[in-house]
Structure formats: C-alpha cells, structure tokens
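No value in this document is a laboratory result; all are computed from the given coordinates. The structure presented is a predicted model; accordingly, all values stated were derived computationally and were not measured. Heads up, the Cβs are rebuilt from the backbone with ideal geometry, glycines too, and the neighbour counts pull from every protein chain shown.
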Amino acid sequence: MTLAGPLPVPAPAGAPLESDARAGRGDPADTPGRRTLLASLWNNSNGRTGCVLVGLVLLAAIAGAVGTTPYPAQAQDPSAVLKSPSFSHLLGTDQFGRDLFSLVLQALYISVKIACVAVAIAGVIGTVAGIVAGYLGRWTASVIMRATDMLFAIPAILFALAIVTALGPGWLNSALAIGIGYIPIFVRVVRGPVLALREAGYVRAGRVLGFSRRRLLFRHILPNVAGTVAVQTSLALAWSVLAEASLSFLGLGPPPPTASLGEMVSQSSSLASTAWWTLAAPSVAIVIAVIGFNFLGDGLRDAIDPRARAR
Amino acid sequence: MLTGVARRLLSMLVTLFGVAVIIFVVLRLLPGNAVTAQLGVSAGLLSHAQVVALDHYYGVGEPFFQQFGSWLGAIFTGNLGVSLTSRTSVASLVGAALPITLELAIASMIIGELIGVLFGVFGSLKPGRLVDDLGRGVSVVGLGVPSFIIGTGLVTFLASEFHYFPSSEGFASITQDPWLNVQQIFFPALTLGLGIGAAMMRTTRAAMLEVIGLNYARTARGKGLSKRVVTWKHLFLGALVPVTTMSGIQLGYLLGGTVIVEQIFVLPGLGRLLITSINERDFPVVQTVTLIFAAGFIIVNMLTDVLYTVIDPRTRAS
C-alpha cells in the first residue's frame with residue numbers, strides 16, 4: 001500500500017478539518033475549552049451512548065480489580081454447577097460452579113488493563129513517529145513510512161499472534177503484541193494533519209522566531225493533533241479489547257487461573273447448547289466494551305468536528 | 001502508466017522483503033525451537049552432542065543470516081522450504097490449504113458485499129423506513145459482535161437444532177463433493193460476511209446519501225429515466241469509490257479473520273495451518289504462511305489503487 005496512491009485509506013474525518021479550524025476561520029473551536037467539548041460529546045447520541053457504556057465497563061473493571069464481586073471470582077461451588085441466571089447468580093454459573101457475573105467482572109479488568117497498556121504503547125510510539133514523519137520530511141519520513149507500510153502489510157491480528165507465541169503467554173506480552181500491531185495506524189492518522197500543520201502560519205512564525213524544533217513539535221503541533229489522537233485512542237481501545245479476546249479465544253491469552261473473556265467464549269462452545277448463559281455472559285461483556293469504545297470514538301469525532309456529524 | 005506499474009511492483013517487492021525480515025526476526029525471539037517442541041520435556045535429557053546433532057539435522061543451529069538466506073533461496077526456487085515437523089515441502093502444505101482459504105475469502109466477500117450493498121442502497125433510498133432500520137440493525141450486530149462469538153454461537157445453534165457438527169466429516173473440496181463443500185463453507189463465510197456486510201452497508205449508505213441530492217442525480221430523474229437506471233447507473237456508480245476503498249480494507253481484515261473462523265469451523269485452510277505450526281515451532285511454515293497473508297494484503301491494496309483509475313477518471317490525471 002503506497003501512501004502516494006490517489007485515494008489512500010481515509011484519515012478520520014476530524015483530522016484535516018480541525019487544522020482548517022485552527023488556521024483561523026473564525027470557528028468557535030479557536031477557543032475550545034474543555035467544558036464545551038465535554039458538553040458537545042454529551043449532546044450527541046453517539047457520544048452519550050459511548051460515555052454510558054464505557055462508564056459501565058470501567059465500573060465493572062474497577063469492581064473486578066478490587067474484588068468487590070458478589071462471589072470470589074474463582075470460588076467453585078460444586079452444589080451450583082451450570083445454574084441458569086437467577087437472583088443469587090445474575091449471569092448463572094459455569095461447569096465448576098463459579099459465578100459468571102463475578103468471573104466476567106474480573107475478566108473485564110484484565111481485558112481493560114491489557115487494552116490500556118497496548119494502546120499506551122501504540123499511541124505514544126505511533127504519535128511520536130507520526131509527528132516526526134510528518135514534520136521532518138525527506139529521508140526520516142521515508143524510513144518511518146516505509147517501516148509503517150511493512151508493519152501494516154502484516155494483518156495486525158496475525159502479527160499479535162506471532163509476537164505472543166514468541167514471548168509466551170501473559171498479560172503484559174499480550175499487551176505488547178497488540179500494541180505493536182496497532183502502531184502503524186497511529187502513525188498514518190497523525191502524519192496527515194501534521195503535514196498540513198507544517199505550513200500553518202503560526203508554525204512558520206515559530207520557525208522564523210527561532211523556536212527549537214522540539215518546542216515546535218511538542219508545544220505547537222502536538223496539541224493540535226490531540227483531538228485526532230483522542231479519537232483514535234478510543235477506537236484503538238475497542239480494537240484492543242477485541243484483539244485480546246481473539247488471542248485468548250485461540251488459547252494464546254494469559255494462562256488459565258487468570259479469567260479472560262475470549263477463553264470463556266471458547267470454553268462455552270461445548271456447553272452452550274444446554275447452558276446458553278455460559279456463552280452469553282462473556283459475549284455480552286465483550287460486545288458492550290467494543291461498542292462502547294467505538295461509540296465514544298465516533299462521539300469524540302463528532303464533538304471535535306461538527307461537520308462530520310452530518311454524515 | 002507503465003512506469004507507474006513498474007514502480008508499484010518494485011515498491012511492493014521492497015515492502016515484501018521488509019515484511020520477510022520482520023517476520024523472521026520476530027520468530028527468532030521464540031523460546032525453544034522445533035527440537036524442543038517435538039521432544040517436549042525429554043529434550044532436557046539430551047547430551048550436548050545429541051543437541052548439536054539434532055540442531056544440525058533440523059537446520060536450527062545455523063547462524064541467523066544463513067537461516068534467513070536459505071529461506072529466501074527456498075522462496076525463489078518455489079518449494080518454499082521444508083516443514084520441520086512433517087518433513088514435506090512447505091509448498092505442498094500451502095498448496096493444500098490455500099484453495100480452502102481462498103474459497104472461504106471469496107464466499108465471505110460475496111455474502112458481505114451482497115448484504116452491505118443491497119441494504120446500503122435501498123436503505124439510503126428510504127432513510128428511516130423498514131429496510132433502513134433493518135439494515136442498520138444488521139450493521140450494529142455485524143460491527144459490534146466479533147466473528148468468534150458469531151461463529152461459536154452459530155456452531156452451537158447448528159449442533160443443538162440440526163445436530164450438525166462441522167468436525168464430524170473430513171473437509172470435502174468443491175471437486176470431490178460440491179454439495180458437502182457448500183455446506184462446509186457457507187456457515188464460516190456467513191460468520192465473516194456479516195462483519196464485512198456491516199462495514200460495507202455503512203459506507204454504501206453514507207456514499208449514496210452524499211450523491212443522492214447532487215445535480216446530476218436530479219437531472220437523471222428529470223430526464224424521466226427509470227428508477228432502477230437512476231439508482232444503479234447514476235447514483236451507485238457515483239458512490240462506488242468509497243465503496244471500493246472499504247472493500248479493499250475489508251478484504252485485508254478478512255485475511256486475519258479467516259484464522260479464527262477456520263479454527264472454529266475446523267477448516268483445514270491456511271489459518272489453521274498457521275496455528276498448528278505456531279504450536280509446533282515449525283518456523284519455515286509459519287514464516288511462509290505469514291508472508292503469504294502479507295503478500296495477499298499488499299496485492300489487494302494495489303488492485304484497489306488500480307481500480308480507482310478505472311472507476312473514477314478524475315484520479316487518472318495524478
């Protein structure tokens with residue numbers, strides 16, 4: 001995939017438009033203020049749905065992390081094996097008599113933890129590489145973009161698969177594998193607007209005033225791609241939750257005593273015809289998390305760039 | 001035009017070479033090798049001389065660059081190297097698996113495009129009506145529910161309602177038993193196709209809504225052309241560029257998706273070959289299969305770029 005192609009992979013709609021706004025078209029975004037951003041996030045339906053779902057997921061993950069679950073997550077109760085959902089077991093129990101609701105909370109925590117670390121890796125490396133590639137140009141850019149093209153050519157999930165087998169199972173290795181696979185997307189999404197910003201009036205003014213390159217890059221350009229990065233971060237979280245679940249579904253997630261959503265789905269495949277809730281419980285958790293982060297990303301995009309909302 | 005194509009091909013080869021290097025380096029991080037994978041714990045009981053002899057036999061003790069060189073050599077001679085565990089050429093393993101994955105990919109793409117384009121086009125003609133709502137419902141499911149959940153659900157449903165188990169019979173190729181083959185491919189293709197259809201539907205619908213109010217569309221209607229001609233020859237053709245972009249992207253994702261779906265539906269395709277070889281530390285197979293997936297992805301992207309110039313004459317100038 002060459003970036004020189006006539007119509008490359010579409011950058012998120014917010015990207016180039018935001019830079020126009022900053023270039024001084026009298027857009028209210030000139031004086032954004034956190035409050036208006038949050039308000040417009042809450043005022044569009046995507047954003048609100050995203051906030052609510054992500055809020056639920058984070059609450060569940062925190063509950064899983066500190067252990068405030070209805071039952072100890074791994075506690076087995078031989079007298080309550082494969083019970084259907086009821087008031088004592090909200091999502092039913094599995095073949096060992098573990099309470100699925102408690103188990104899902106714990107698994108969500110692992111899943112969110114892996115996703116956050118993965119996105120932190122991809123976001124930091126990808127954003128810095130994207131800014132550098134967009135600003136410096138010439139051979140630095142062509143080296144970075146060439147490497148990005150190569151990484152991009154390996155389907156991300158396959159790459160994660162290779163890395164996680166190479167490093168062995170474990171939550172940190174999963175995070176590393178997923179994060180590395182997502183770097184190229186951040187590079188591409190950030191580089192586009194930076195290319196446009198390089199020639200923006202205030203950046204050229206800064207150059208003339210003799211500001212150091214680092215100052216220009218991180219004090220002047222970075223804040224202006226922050227919105228793009230925020231949108232992409234949310235979408236990346238959705239993808240990471242999905243990728244983590246896929247890896248553990250294939251048996252390459254964190255090893256057994258650790259609860260993981262994908263592994264719960266794969267375990268359920270032999271049980272689900274008689275005990276549907278063993279499939280439904282982890283699936284609903286995955287779907288809420290993935291849809292939530294996606295809606296939040298769409299909502300952020302709409303909030304940052306009102307023109308994209310029309311579509 | 002010709003030099004453009006030549007440059008594209010050259011840049012594709014450079015990218016592929018880089019991909020080969022990346023894959024090779026990543027796989028060398030693997031703890032253990034084919035010897036330890038085959039012998040398991042008892043590998044620890046081997047004497048030093050035995051370890052050296054086995055490493056030599058499998059070719060895993062050679063220096064890094066030598067291994068890489070012999071792999072590249074094997075790719076250019078066409079036998080793609082020799083599998084460490086089955087001792088057959090990688091080319092023959094891939095030759096057996098590739099058609100299955102290709103068939104799955106094509107079937108999924110057809111299902112996905114049908115769902116996406118039909119719901120997208122008819123939904124955009126009557127926004128907010130039943131077809132539109134139905135289409136958007138399908139797209140929420142397809143985008144939000146990962147393929148391994150849909151797949152697992154589908155397998156469970158088929159097993160409990162129809163007593164159909166994908167693993168009960170060996171895989172039949174389309175030439176051996178076409179009817180059985182269609183049954184075996186349909187459900188995995190549907191699983192993947194739902195996800196593709198969801199993305200295609202969103203793109204098609206948005207692209208149609210962009211052109212539906214344009215002057216040329218009004219002119220076409222004003223000339224008294226039939227509704228079908230306006231919809232397909234004028235509107236859909238105008239919306240085709242984003243639809244093509246999305247098709248390319250989806251085809252790329254599809255290559256990764258086949259790995260999971262082949263696992264669920266026990267199809268002996270490339271994805272399943274990849275997972276088994278990863279577990280057996282069979283480097284030559286893992287390298288080559290990953291490289292094939294990457295090559296597929298690059299070729300798809302190149303074809304999409306070429307398609308633009310066919311669809312939209314405006315892009316030819318640049």
**Fill in**
When A:Y182, B:Y164 are ranked with the fewest other C-beta atoms within 10 Å first, the list becomes B:Y164, A:Y182
**Asked** Counting alpha carbon pairs within less than 8 Å and at least 6 residues apart, what relative contact order, in whole percent, applies to the stretch A:177-311?
**Response** 24
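With the cut-off at 23 Å, report for the stretch B:67-156 the share of all Cα pairs above it, as a whole percent. All intermediate terms of the calculation are to be shown ahead of the outcome.
Working: 2131 of 4005 pairs.
Value for the stretch B:67-156 (Cα pairs over 23 Å): 53 percent.
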**Request:** Give me a single rounded figure for B:260-267: the average over its residues of other chain Cβ atoms within 10 Å of their Cβ.
**Result:** 2
**Request:** For chain A, build the charge dipole from Cβ charges (+1 Lys, Arg; -1 Asp, Glu) around the Cα centre, then report which of A:L161, A:G55, A:S142 sits farthest towards its positive end.
**Result:** A:S142
**Message:** Straight-line reach from B:K126: which lysines fall under 26 Å, measuring Cα to Cα and dropping same-chain residues less than 8 apart?
**Reply:** B:K223, B:K227, B:K233
**Prompt:** When you look at the Cβ of every residue in B:150-162, what mean number of other chain Cβ atoms sits within 10 Å?
**Reply:** 4
**Request:** Could you give the size of the charge dipole of the stretch B:78-187 about its Cα centre, using +1 on the Cβ of each K and R and -1 on the Cβ of each D and E, expressed in debye and rounded to the nearest 20?
**Result:** 240
**Asked** Tell me, what is the FRET efficiency for A:V143 and A:S45 to the nearest 0.05, using R0 = 51 angstrom and their Cβ-Cβ distance as r?
**Response** 0.75
**Request:** Mark the label point 7 Å from the Cα of B:E161 along Cα→Cβ and return the residues of the stretch B:132-151 whose backbone N is within less than 16 Å of it.
**Result:** B:150-151
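Based on a Kirkwood Rh over C-alpha pairs, give the Stokes-Einstein translational diffusion coefficient of the stretch A:151-296 at 37 °C and viscosity 0.692 mPa s in µm²/s.
On the way: Rh = 17.7 Å.
So the translational diffusion coefficient is about 186 µm²/s.
Give me the one-decimal Kirkwood hydrodynamic radius in Å for chain A, with the sum taken over alpha-carbon pairs. Write down the numbers at each step before the final one.
On the way: mean 1/r = 0.0475 Å⁻¹.
Radius from the Kirkwood sum: 21.1 Å.
Sort B:4-17, B:94-107, B:206-219, A:110-123 by the packing proxy (mean of other Cβ within 10 Å over each peptide's residues), most packed first. Mind showing how you got there, number by number?
Numbers: B:4-17: 13.9, B:94-107: 18.7, B:206-219: 15.5, A:110-123: 23.0.
Ranking, from highest mean packing down: A:110-123, B:94-107, B:206-219, B:4-17.
Return the calculated 222 nm mean residue ellipticity for chain A, to the nearest 500 deg cm²/dmol, obtained by summing -39500 (n - 2.57) across DSSP H runs with n ≥ 4 and dividing by the residue count.
On the way: 11 runs with 205 residues, N = 311.
Result for chain A, helices only: -22500 deg cm²/dmol.
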**Asked** Relative contact order (percent) for chain A, with alpha-carbon contacts under 8 angstrom and 6 or more residues of separation?
**Response** 27
**Request:** Specify the inter-centroid distance of the stretch B:94-165 and the stretch A:73-151, based on alpha-carbon positions, in whole Å.
**Result:** 25
**Prompt:** Farthest toward the dipole's positive end in chain A, which of A:G253, A:L222, A:F186, given Cβ charges of +1 (Lys, Arg) and -1 (Asp, Glu) about the Cα centre?
**Reply:** A:L222
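What FRET efficiency would be calculated for the residue pair A:F211, A:L38, taking the C-beta separation as r and a Förster radius of 41 Å, to the nearest 0.05? Numbers along the way, then the final one.
Values: r = 31 Å, r/R0 = 0.76.
Efficiency at R0 = 41 Å is approximately 0.85.
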**Request:** Measure off 7 Å from each Cα along the Cα-to-Cβ vector at B:V310 and B:L13, then give the distance between these two points in nanometres to one decimal.
**Result:** 2.5
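How do A:V241, A:V104 rank when sorted from fewest to most other Cβ atoms within 10 Å of their own Cβ?
Numbers: A:V241 30, A:V104 26.
Going from least to most buried by this count: A:V104, A:V241.
Peptides B:297-307, B:176-186: what's the order by average Cβ count within 10 Å, highest mean first?
Values: B:297-307: 19.1, B:176-186: 14.6.
Highest to lowest by the protection proxy: B:297-307, B:176-186.
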**Item:** Label-point gap, in nm, between A:R204 and A:L82 - each point 7 angstrom along Cα→Cβ
**Value:** 7.3
**Request:** For the stretch B:227-286, give the magnitude of the charge dipole about the Cα centre (Cβ charges: +1 Lys/Arg, -1 Asp/Glu; no others), in debye to the nearest 20.
**Result:** 520
**Fill in**
If amide H atoms are modeled at 1.01 Å from N in the peptide plane, then the residues at a separation of 5 or more from B:V82, or on another chain, having amide H under 5 Å from its own are B:V90
**Prompt:** Taking the Cα centre of the stretch B:147-257 as the origin and placing charges on Cβ (Lys, Arg +1; Asp, Glu -1), which of B:G256, B:L194, B:A207 is farthest toward the positive end of the dipole?
**Reply:** B:A207
